[in-house]
1. Looking only at the stretch 70-86, which residues are in a strand (DSSP E or B) and under 16 Å from Ser96 (Cβ atoms)?
2. Quick one: how many residues across the stretch 84-105 are within 12 Å of the chain's Cα centre (by Cα) and away from the ligand (no atom under 16 Å from the Cβ)?
3. Report the residue count in the stretch 102-116 for those that are at pLDDT 95 or above and either among the aliphatic types (A, V, I, L, M) or in contact with an Asp or Glu (Cβ under 6 Å, 6 or more places away or on another chain) (or both).
4. Write out, first by first residue and then by second, each pair whose Cβ atoms fall under 9 Å of each other, whose residues are 6+ apart or on separate chains, and whose first residue, in the stretch 84-104, is on the phi < 0 side of the Ramachandran plot while the second is among the charged types (D, E, K, R) and within 16 Å of the ligand (Cβ to nearest atom).
5. Out of all the residues in the stretch 42-59, is one or more in contact with a helix residue (DSSP H, G or I) (Cβ under 9 Å, 6 or more places away or on another chain) and not in a loop (DSSP other than H, G, I, E, B)?
6. Among the candidates Ser35, Ser64, Ser79, single out the residue that is in contact with a Gly (Cβ under 7 Å, 6 or more places away or on another chain) and within 16 Å of Glu112 (Cα to Cα).
7. Restricting attention to the stretch 85-106, which residues are of a type outside the set (A, V, I, L, M) and either closer than 16 Å to Ala24 by Cα or surrounded by fewer than 16 Cβ atoms within 10 Å (Cβ to Cβ) (or both)?
8. Select from the stretch 28-78 the residues that are without any contact (Cβ under 8 Å) to a residue 24 or more places away in the chain, surrounded by 12 or more Cβ atoms within 10 Å (Cβ to Cβ) and either of a type in the set (Val, Ile, Thr) or within 16 Å of the ligand (Cβ to nearest atom) (or both) and list them in ascending order.
Amino acid sequence: MNTKHLIVVLAVSLILARIANAHAFLDHADPKVGSTIHEAPSQVTLWMTEGLEPAFSKLQVFDSKGTEVDKKDTKVNGSTMTVSLSKLAPGKYRVSWQVVAVDTHITSGTFEFTVQ
Ligand SMILES: [Cu+2]
């Protein structure tokens, strides 16, 4: 194998490693990450970077006391995930997500938003 071939093999290996690492992370959300909003939202929607496995993907919302305020009706559509909310009082809320991407990798995260 000459140097030229070696470089091509290395480049292909790097590309494959990249693809294998394409887990589902949060791209953006509504309400926005860290935002303060004036009207209580009726649902939370997350746009992820990869397609999700509906059976293993969960989206929950908690109030500042740790009480779950979503309606436990997470819906997954491709790489988008939505859950309905009960009527939110003003306060700080924490969104918690755990998903399995179509590549079978598990990722999770949390973020907050505030209702004024
Ligand atoms: Cu992955």
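1. First pass over the stretch 70-86, keeping only residues in a strand (DSSP E or B): 70, 75-77, 80-85.
Across the stretch 70-86, the qualifying residues are Asp70, Val76, Met81, Thr82, Val83, Ser84, Leu85.
2. 2
3. 2
4. Listed by first residue and then by second, the contacts come to Val99/Glu50; Val99/Glu53; Val100/Glu53; Ala101/Glu50; Ala101/Glu53; Val102/Glu50; Val102/Glu53; Asp103/Glu50.
5. Step one: list which residues in the stretch 42-59 are in contact with a helix residue (DSSP H, G or I) (Cβ under 9 Å, 6 or more places away or on another chain), which gives none.
Taking every residue of the stretch 42-59 in turn, none turns out to be in contact with a helix residue (DSSP H, G or I) (Cβ under 9 Å, 6 or more places away or on another chain) and not in a loop (DSSP other than H, G, I, E, B).
6. Numbers: Ser35 fails: in contact with a Gly (Cβ under 7 Å, 6 or more places away or on another chain); Ser79 fails: within 16 Å of Glu112 (Cα to Cα).
Among Ser35, Ser64, Ser79, only Ser64 is in contact with a Gly (Cβ under 7 Å, 6 or more places away or on another chain) and within 16 Å of Glu112 (Cα to Cα).
7. Result: Ser86, Lys87, Pro90, Gly91, Lys92, Arg94, Ser96, Trp97, Gln98, Asp103, Thr104, His105.
8. The one that is without any contact (Cβ under 8 Å) to a residue 24 or more places away in the chain, surrounded by 12 or more Cβ atoms within 10 Å (Cβ to Cβ) and either of a type in the set (Val, Ile, Thr) or within 16 Å of the ligand (Cβ to nearest atom) (or both): Thr74.
The values are calculated or read from the model by the stated rules, or taken from the named source; none is laboratory data. Quick caveat: nothing in here was measured; it's all calculated off a predicted structure. Note that each Cβ is placed from the backbone with ideal geometry, even for glycine, and that neighbours are counted across all protein chains shown.
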